[in-house]
Amino acid sequence: DTAVSQTPKYLVTQMGNDKSIKCEQNLGHDTMYWYKQDSKKFLKIMFSYNNKELIINETVPNRFSPKSPDKAHLNLHINSLELGDSAVYFCASSQSMNTEAFFGQGTRLTVV
Amino acid sequence: SQQGEEDPQALSIQEGENATMNCSYKTSINNLQWYRQNSGRGLVHLILIRSNEREKHSGRLRVTLDTSKKSSSLLITASRAADTASYFCATGLPFMDTGRRALTFGSGTRLQVQP
């Protein structure tokens, strides 16, 4: 049983398109996150949801929007994709904001 | 600037040798965590050390924490080729700051263990 699953694993799309990445966790955690990993492997926090409430929202473009239909899901919507959005996006969850985080396998997004 | 910065950026050793990676951070913390990432995979939690702890062991892993120097080290003893991966430290903020920050990662140390 996969603890944190995200789909798709690979996503290739053209500039200007709108896309979504889905994430689900079956651990019963209260907090979920989206991270972006760039080509230099630096992980940057994008969003965090705690009990369906947005806790943090780092300085990411408003083309990115998290959507949480329930505590187990946190989807990432990206509008008007740009070349610079190409990266690996990771979903993660934890019981609380300072505890051990469990990561999904990542979604490699390539914008062409 | 990054909250957690790992050093060195890359490390290559022979199987059987020990590998030491360091992490420095800037603000006060509640705990510090180490994660491992294999190529093309997600991060996997290795060990968590609280701010009131100085050393922690888990199998071949040994983590130290020096809050006065705002630094931590991860030691992998008797390394194996399967230990080849990137290793990240992550810091969590004290309770009163929770709600404004999440776990903050550095860019990792890429460890290569030669068989």
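The values are calculated or read from the model by the stated rules, or taken from the named source; none is laboratory data. Please read these numbers as outputs of a predicted model, since none were measured by experiment. Counting neighbours? That spans all protein chains shown, and the Cβs are built from the backbone with ideal geometry, glycine included. Note: areas computed on protein heavy atoms with side chains; ligands, DNA, RNA excluded. Shrake-Rupley method; radii C 1.70, N 1.55, O 1.52, S 1.80 Å.
Quick look at the numbers
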| quantity | calculated |
| --- | --- |
| Filtered residues of segment A:47-59 (kept if β-branched (Val, Ile, Thr) and more than 13 Å from chain B (Cβ to nearest Cβ)) | A:THR59 |
| Selected residue (only one of B:ILE13, B:ILE29 is at pLDDT 95 or above, more than 11 Å from the chain's Cα centre (by Cα) and either assigned to a strand (DSSP E or B) or closer than 25 Å to A:THR99 by Cβ (or both)) | B:ILE13 |
| One residue from B:TYR35, B:TYR25 being within 13 Å of chain A (Cβ to nearest Cβ), of a type outside the set (A, V, I, L, M) and within 16 Å of B:GLY108 (Cα to Cα) | B:TYR35 |
| Scope segment A:10-29; condition among the charged types (D, E, K, R) and either at pLDDT below 95 or outside any strand (DSSP E or B) (or both); matching residues | A:ASP18 |
| Qualifying residue in segment A:30-46 (condition: away from chain B (no Cβ under 12 Å), assigned to a strand (DSSP E or B) and open to solvent by 60 Å² or more (accessible area, probe 1.4 Å)) | no |
| Members of segment B:46-94 that are within 11 Å of another protein chain (Cβ to nearest Cβ) and surrounded by fewer than 17 Cβ atoms within 10 Å (Cβ to Cβ) | B:ARG50, B:SER51, B:PRO94 |
| A:ILE21 vs. criteria surrounded by 17 or more Cβ atoms within 10 Å (Cβ to Cβ), in contact (Cβ under 8 Å) with a residue 40 or more places away in the chain, more than 20 Å from B:LEU103 (Cα to Cα) and not basic (Lys, Arg) | yes |
| Single condition B:VAL44 does not satisfy, out of (1) without any contact (Cβ under 8 Å) to a residue 24 or more places away in the chain; (2) assigned to a strand (DSSP E or B); (3) more than 12 Å from the chain's Cα centre (by Cα) | (3) |
| All positions within segment A:40-62 that are over 20 Å from B:ALA90 (Cβ atoms) and either in contact with a strand residue (DSSP E or B) (Cβ under 6 Å, 6 or more places away or on another chain) or in contact (Cβ under 8 Å) with a residue 40 or more places away in the chain (or both) | A:LYS52 |
| All positions within segment A:85-112 that are of a type in the set (Ser, Thr, Tyr), modelled with pLDDT of 95 or more and surrounded by fewer than 19 Cβ atoms within 10 Å (Cβ to Cβ) | A:SER86, A:THR110 |
